[in-house]
1. At 7 Å along the Cα-to-beta-carbon direction for both GLU260 and THR272, put a label point, then send me their distance in nm to one decimal.
2. For region 64-76, what does the Karplus curve 6.51 cos²θ - 1.76 cosθ + 1.60, with θ = phi - 60°, yield as ³J(HN,Hα) per residue in whole Hz, taken in order and with x for Gly and Pro?
3. Based on the mean of other Cβ atoms within 10 Å per residue, sort peptides 154-166, 52-64 so the most packed one is first.
4. Looking at region 116-255, send over the antiparallel percent of its DSSP beta bridges, to the nearest 5.
5. For a footprinting-style exposure proxy, rank LEU97, LEU279, LEU208 by other Cβ within 10 Å, fewest first.
6. What relative contact order, as a whole-number percentage, does region 133-276 give when Cα pairs under 8 Å and 6 or more residues apart are counted?
7. Using a 10 Å cut-off on Cβ atoms, rank the peptides 44-50, 264-270 from the highest mean neighbour count down.
8. Looking at region 72-127, which chymotrypsin sites (Phe, Trp or Tyr not before Pro) are in a loop (DSSP not H, G, I, E or B) and have at most 15 other Cβ atoms within 10 Å?
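Where a number appears in this text, it was derived from the coordinates with a stated rule and is not lab data. Keep in mind the model is a prediction, meaning the values are calculated, not measured. Heads up, the Cβs are rebuilt from the backbone with ideal geometry, glycines too, and the neighbour counts pull from every protein chain shown.
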Amino acid sequence: MGSTVKRVVASTGLLGVAALALSGCSDLAKRGFLPADDTTDHTQAISSLWVHSWIVLLGVGVVVWGLVIWSAIVYRRRKGETGLPAQTRYNLPIEVLYTAVPFVLIFAFFIATVHVQSATEANATEAYDGADVQVQVVGKQWSWDINYLTDEGEANVHEDAGVQADYSGGETFDESNLPTLYLPVNKEVKIKLDARDVAHSFWVPYFLYKKDLLPGVHNNYWTFTPTKEGTFAVKCAELCGEYHSMMLMNIEVVSESEYETHLTELRDRGNTGALGNELNRRQDLIYTSEDSQQSDSAASEN
Ligand SMILES: [Cu+2]
């Protein structure tokens, strides 16, 4: 192959790759490669951090790929050349550039991430009591229990207990009957996250957020305001055993009056109080926070 032919083949290949990438991009853009950024009061900042990081990194990529391709073409072996080409070492300006630029980038990404994270996590603490609504979500192998709490964090009403089936006997998984957490739109919600057995993770893809549920004394909290009515899928995002993939539930964001009606219905159905430790799979291995506190106080009495 002559060098002209090679050059044509190479540039056609590059154009093909570029065309594929671009058509892929426009497809993704049509489908929406990011979830809507209007689902909670935190999603806009998180989404913006993600998109701007990608733009900066794509710029870095274009420069690096461009330089690689440029030097491969310009410094290719010509006809009749033998031996090694001239070897260049210790180009100080280039070395300073490729050391300094990544440091600047890392520092900027760090600052931007800390900024968004501390805004997102500002009220996600046990002590914060400014939320309009408090709920408790308890993960277990392999479902979720939902308790609605009073303003003081005491048990109020609860959803039906999540099915704790282990599907090993061929039981069918009923996706039409998932636990559903109701939340009022435009009200600040504080969720207490707890686990009955092993570590799980509460992941709401459309809220651009997830947080672990840990068995034992430590509870995680998540405070946010849902800003859009609708149904949002929740998945467990921490591999928690054989039927982890069936650990699904929904969040239903509704108007405040629908939310109040739903709580009244739960009360009328007799779902008062909390779904507690009686639902733990192993009564000899109690891990939820209430019980840990009990055993802590029992231990201190001894
Ligand atoms: Cu899980």
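1. Placing both labels 7 Å beyond Cα along the Cβ direction yields 2.0 nm.
2. Listing the rounded values in order: 5, 4, x, 5, 4, 5, 4, 5, 5, 7, 5, 9, 5 Hz.
3. Packing proxy ranking, top to bottom: 154-166, 52-64.
4. 70 percent
5. Neighbour counts put them in this order, fewest first: LEU97, LEU279, LEU208.
6. Numbers: 339 pairs, mean separation 42.8, N = 144.
30 percent.
7. Descending mean neighbour count gives 44-50, 264-270.
8. Qualifying residues, ordered by number: TYR75, TYR90.
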